[in-house]
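Visitor: Have a look at this one.
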Amino acid sequence: MANVCPIPTDSYKVGFIGAGKMAESIARGVVKSGILPASRIRTAHSGSARRTAFESIGVTVFDNNTQVVEDSDVIIFSVKPQVVKNVVSQLKPILSEKQLLVSVAAGVKLKDLQEWAGQGRFIRVMPNTPSAVGEAATVITLGEKATTEDGELISQLFGAIGKVWKADEKLFDAVTGLRHVPSLIGSGPAYVFLAIEALADGGVAAGLPRELALGLASQTVLGAASMVSRMGKHPGQLKDDVASPGGTTIAGIHELEKSGFRGILMNAVVAAAKRSKELSQN
């Protein structure tokens, strides 16, 4: 690693290859947190709507990806998994090991990314859709030539949109099933969206106005997630704390258990992980 040129932490520029919603969420989070000024972020897009979205943050929007690469120290490939090979391969002639490469493309392995780029200074990152509200669950793994300092820099960047964990790449398929699926739809969040919708529907069935039911359901899920994240208690203990003997909560839990609620969620995670593995092998 001694021959790897350090990224200048006080002046580095970040370039997004792909100007979609995920890239926008990351850029907004980074700027809002103060980690990086908008003047040091760039991307490229020809569509007026996406250009406007980034320009409204203060990000420099070029006409093509070549310009982004030539003016960036950290390059984040934020494109769909099915096109990432072509995108990286096309830019390979102008990529340098002085640059740190990052991919947020789901299901695309480091060994392939490194082969397409012709270099190993790559970091694979898996954020999910709550990045849009600063509550992403992000997992990163370092390529063969990425340094510890590179990992810290990327952890800091993605820490602007949520929490970051490091993990071995072999765990990524399981991680995918739990909190993320290809196309950035996010399986974990998607399951929770369904749960919120179902809770709201239940509230409406019990007589609540739709708007009130949805507001209460979404805030309840947010509060419960915050308790698990911040209190350090096992979710089973938190559940027991609010399930009074003979009360309303245990009655509702009884209905969930009769319907196989836990097993259904577990099966969904396993199915998504299996599909992620299948996609990564194609």
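Visitor: At a Cα cut-off below 18 Å, give the lysines reachable from Lys166, other chains included and same-chain residues fewer than 8 away excluded.
Guide: By straight Cα distance, Lys166 reaches Lys109, Lys111, Lys145.
Visitor: Quick one: accessible area per residue over region 76-162, 1.4 Å probe, rounded to a whole number of Å²?
Guide: Normalised by residue count, the accessible surface of region 76-162 is 38 Å².
Visitor: Of the chain, which part is the longest with no GluC sites (Glu not before Pro) in a loop (DSSP not H, G, I, E, B) and with at most 15 other C-beta atoms within 10 angstrom?
Guide: It runs 145-282.
Visitor: Ok, one more. For region 240-279, report the translational diffusion coefficient in µm²/s to the nearest whole number, using Stokes-Einstein at 10 °C, 1.306 mPa s, and a Kirkwood Rh over Cα pairs.
Guide: So the translational diffusion coefficient is about 133 µm²/s.
Visitor: If you roll a 1.4 Å probe over the chain with all protein chains in place, what percent of the accessible area is carbon or sulfur?
Guide: In the chain, the share of accessible area belonging to carbon and sulfur is 58 percent.
Visitor: Also: Percent antiparallel among DSSP beta bridges with both residues in the chain, to the nearest 5? Don't skip to the answer; put the middle values down first.
Guide: On the way: 4 of 26 bridges.
Close to 15 percent.
Visitor: Still on this structure, please answer the following. Which value, in debye to the nearest 20, describes the size of the charge dipole of the chain about its Cα centre when Lys and Arg Cβ atoms bear +1, Asp and Glu Cβ atoms bear -1, and nothing else is charged?
Guide: Working: 30 positive and 26 negative charges, 52 e Å.
Using only the charged Cβ atoms, the result is roughly 240 debye.
Visitor: In straight Cα distance, which lysines are under 21 Å from Lys233, not counting same-chain residues fewer than 8 positions off?
Guide: Excluding near neighbours in sequence, the set is Lys163.
Visitor: Taking the inverse of the average 1/r across all pairs of different Cα atoms in region 40-101, what Kirkwood radius in Å do you get?
Guide: 12.4
Visitor: Quick check: from the Cα gyration tensor, does region 120-173 come out rounded (a/c under 1.5), prolate or oblate?
Guide: Oblate shape, in that a/c is at least 1.5 and b/c is the bigger or equal ratio.
Visitor: Place a +1 charge on the Cβ of each Lys and Arg in region 4-55 and a -1 charge on the Cβ of each Asp and Glu, then give the dipole magnitude about the Cα centre in debye, rounded to the nearest 20.
Guide: 120
Visitor: A follow-up question, please. Kirkwood hydrodynamic radius (Cα pairs, Å) of region 1-159?
Guide: 15.4
Visitor: Where does the longest stretch of the chain lie that holds no trypsin sites (Lys or Arg not before Pro) found in a DSSP loop with 14 or fewer other Cβ atoms within 10 Å?
Guide: 99-232
Visitor: A further question on this structure: Can you return the aspartates and glutamates within cross-link range of Lys274? Criterion is Cα-Cα under 14 Å, with same-chain partners fewer than 8 residues away left out.
Guide: Asp173
Visitor: Over all distinct Cα pairs, what is the inverse of the mean 1/r for region 212-282, reported as the Kirkwood hydrodynamic radius in Å?
Guide: About 14.8 Å for region 212-282.
Visitor: Now for a separate question. Once the principal axes of the Cα atoms of the chain are found, what is the range along each, listed largest first in whole angstroms?
Guide: 67, 38, 32
Visitor: Anything in the chain that counts as a DSSP H helix reaching 15 Å or more along its axis (C-alpha) with Kyte-Doolittle mean of at least -1.0? List them, would you?
Guide: Taking the DSSP H segments of the chain (at least 15 Å long, mean hydropathy at least -1.0), we get 21-33, 81-91, 148-159, 187-205, 210-231, 248-258, 261-281.
The values are calculated or read from the model by the stated rules, or taken from the named source; none is laboratory data. What you see is a predicted model, and the numbers here were worked out from it, not measured in a lab. When we count neighbours, we look across all protein chains shown, and the Cβ atoms used for this are built from the backbone with ideal geometry, even at glycine. Side chains are part of the model used for accessible areas, which takes the heavy atoms of the whole protein and leaves out ligands, DNA and RNA. Shrake-Rupley method; radii C 1.70, N 1.55, O 1.52, S 1.80 Å.
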